Amino acid sequence: MIEAGTTILVLEDEAIIAFALEDMLAAEGAKVVMAATLEEAAALIEKGGIATAVLDVNVHGEKSYVIGELLRSLDIPFVFATGYGDTSHPPEFAETPTVSKPYTHEQVKTAIARAQLALAGGSVG
């Protein structure tokens, strides 16, 4: 569930996809902060206030798993967005909710809810 006012980090290097995702999340009442590089994402996370995140897996040819590790270390739930499916994730991210591009509004909401529930110790089924 996305609560109104929740700050969500979107890490996405394709502007059209980033803006579409921003619109989806804003329609739920979220405050969206955008990053187009791993460095920008890390700086936003370190600044604080991020409640959850949606991470494109492949950002300018680099994998975003280092950002996933940072979020995990801070107990911030996140989901991956990818055109490759979740079978390509390394084992430590095998259970991370993933949406495959092109995704729908409902798929993103469901994945975020699963990530939040998993962090809280609930079932992700």
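Remarks
Residues checked against (1) under 22 Å from residue 34 (Cα atoms); (2) aromatic (Phe, Trp, Tyr); (3) in contact with a helix residue (DSSP H, G or I) (Cβ under 8 Å, 6 or more places away or on another chain); (4) in contact (Cβ under 8 Å) with a residue 60 or more places away in the chain:
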{"residue": "56", "(1), (2), (3), (4)": "yes, no, yes, no"}
{"residue": "61", "(1), (2), (3), (4)": "yes, no, no, no"}
{"residue": "83", "(1), (2), (3), (4)": "yes, no, no, no"}
{"residue": "95", "(1), (2), (3), (4)": "no, no, yes, no"}
{"residue": "98", "(1), (2), (3), (4)": "yes, no, yes, no"}
{"residue": "105", "(1), (2), (3), (4)": "yes, no, yes, yes"}
{"residue": "121", "(1), (2), (3), (4)": "no, no, no, no"}
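- Residue 90 being within 21 Å of residue 121 (Cα to Cα) and not small (Gly, Ala, Ser): no
- Selected residue [of a type outside the set (Ser, Thr, Tyr) and either under 13 Å from residue 2 (Cα atoms) or touching a strand residue (DSSP E or B) at 6+ places or on another chain (Cβ under 8 Å) (or both)] from 36, 20, 94: 36
- Residue match in the stretch 24-31 (condition: at pLDDT 95 or above, farther than 16 Å from residue 3 by Cβ, open to solvent by less than 30 Å² (accessible area, probe 1.4 Å) and out of contact with any Cys (no Cβ under 6 Å at 6 or more places or on another chain)): no
- Candidates in the stretch 21-39 are the residues that are free of Cβ contacts under 8 Å to residues at least 40 places away in the same chain and more than 14 Å from the chain's Cα centre (by Cα); of these, the one that is farthest from residue 62 (Cα to Cα) is 29.
- Of all residues making up the stretch 32-52, the number that are crowded, with 18+ Cβ neighbours inside 10 Å and hydroxyl-bearing (Ser, Thr, Tyr): 1
- When the stretch 70-93 is filtered for residues that are at pLDDT below 95, touching a Pro at 6+ places or on another chain (Cβ under 9 Å) and part of a loop (DSSP other than H, G, I, E, B), only 83 remains.
- Residue 55 meets the conditions (1) in contact with a Ser or Thr (Cβ under 7 Å, 6 or more places away or on another chain); (2) open to solvent by 10 Å² or more (accessible area, probe 1.4 Å); (3) of a type in the set (A, V, I, L, M) in every case but one. The failed one is (2).
- Odd one out for residue 67, checked against (1) open to solvent by 70 Å² or more (accessible area, probe 1.4 Å); (2) modelled with pLDDT of 95 or more: (1)
- Taking the criterion of being among the charged types (D, E, K, R), part of a loop (DSSP other than H, G, I, E, B) and open to solvent by less than 80 Å² (accessible area, probe 1.4 Å), the only residue of the stretch 94-117 that qualifies is 101.
The values are calculated or read from the model by the stated rules, or taken from the named source; none is laboratory data. Just so it is clear, the structure is predicted and the values come from calculations on it, not from any experiment. Cβ coordinates were reconstructed from backbone atoms using ideal geometry, including for glycine residues, and neighbour counts include every protein chain displayed. In case anyone asks, the SASA skips ligands and DNA or RNA and just uses the protein heavy atoms, side chains included. Shrake-Rupley method; radii C 1.70, N 1.55, O 1.52, S 1.80 Å.
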